[in-house]
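Asks: Take this structure, written in structure tokens, and hold onto it; I'll ask about it next.
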Amino acid sequence: MARYTGPVCKLCRREKQKLFLKGSKCTSERCPLEVKNYAPGQHGTSRKGKFSEYGVQLREKQKVKRIYGVLETQFRTYFEKANRQKGVTGENLIKILERRLDNVVYRLGFAPSRKAARQIILHKHFLVNNVVVNIPSFLVKPGDIISVRDKSKQLDIIHNTLRRTKEDAYPWLTINKADLSGVFNELPSREDVKIDVNEQLIVELYSK
């Protein structure tokens, strides 16, 4: 399975925006973006030129890919699927990405980041409708129940993260902290997904 294995804080610096890839570190003073608000690399501080129209669109695509931890081939597949669906393509794309199991586990508060969620999913710590699923890209459906396996309910990473999660943080999810489970109630509206991206630029990029 291909995946990015480099330092993720550099990705935030490249976009000059917090992508929240390192859990609690992103909201602390240890976040590198607090003191290094410029692109990484030897010439990072000298990159001050304006982007072309293509460059702006490309940066937006890269930003969304990095937020959700998806590489190019899979991201393009998601876009094509969103484009075939009824409705606004950009909003459909965000809804598909929000359905990924690693994202849902992260949103439910069982992992501090999507990267951490992928790892514990791969280690078979989660059930979807009482069936073990170890595929981070698995797309959940409205009504699906995501729960922690009985033998995994003592994992510190789950409890430490869950303590910082509000039960009503995401209106399309129901979180049950008592039994370490959650329900994906419905597809989220674009207004409910609080990520600072302009998905229409991605549509324009792929439409060329």
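Asks: Looking for whichever is small (Gly, Ala, Ser) and either in contact with a Pro (Cβ under 6 Å, 6 or more places away or on another chain) or part of a helix (DSSP H, G or I) (or both) here; the options are 111, 117. Which one fits?
Replies: Values: 111 fails: either in contact with a Pro (Cβ under 6 Å, 6 or more places away or on another chain) or part of a helix (DSSP H, G or I) (or both).
The match here is 117.
Asks: A further question follows. Which condition number does residue 88 fail, the rest of (1) touching an Asp or Glu at 6+ places or on another chain (Cβ under 9 Å); (2) surrounded by fewer than 19 Cβ atoms within 10 Å (Cβ to Cβ); (3) more than 18 Å from residue 191 (Cβ to Cβ) being met?
Replies: (3)
Asks: Between a residue in the range 124-142 that is on the phi > 0 side of the Ramachandran plot and any residue that is assigned to a loop (DSSP other than H, G, I, E, B), which pairs come within a Cβ distance under 9 Å, given they are 6 or more apart or on different chains?
Replies: 124/133; 124/134; 124/149; 129/143
Read the figures in this text as sums done on the coordinates, not as results from a lab. Quick caveat: nothing in here was measured; it's all calculated off a predicted structure. Cβ: placed from backbone, ideal geometry, glycine included. Neighbour counts: every protein chain shown.
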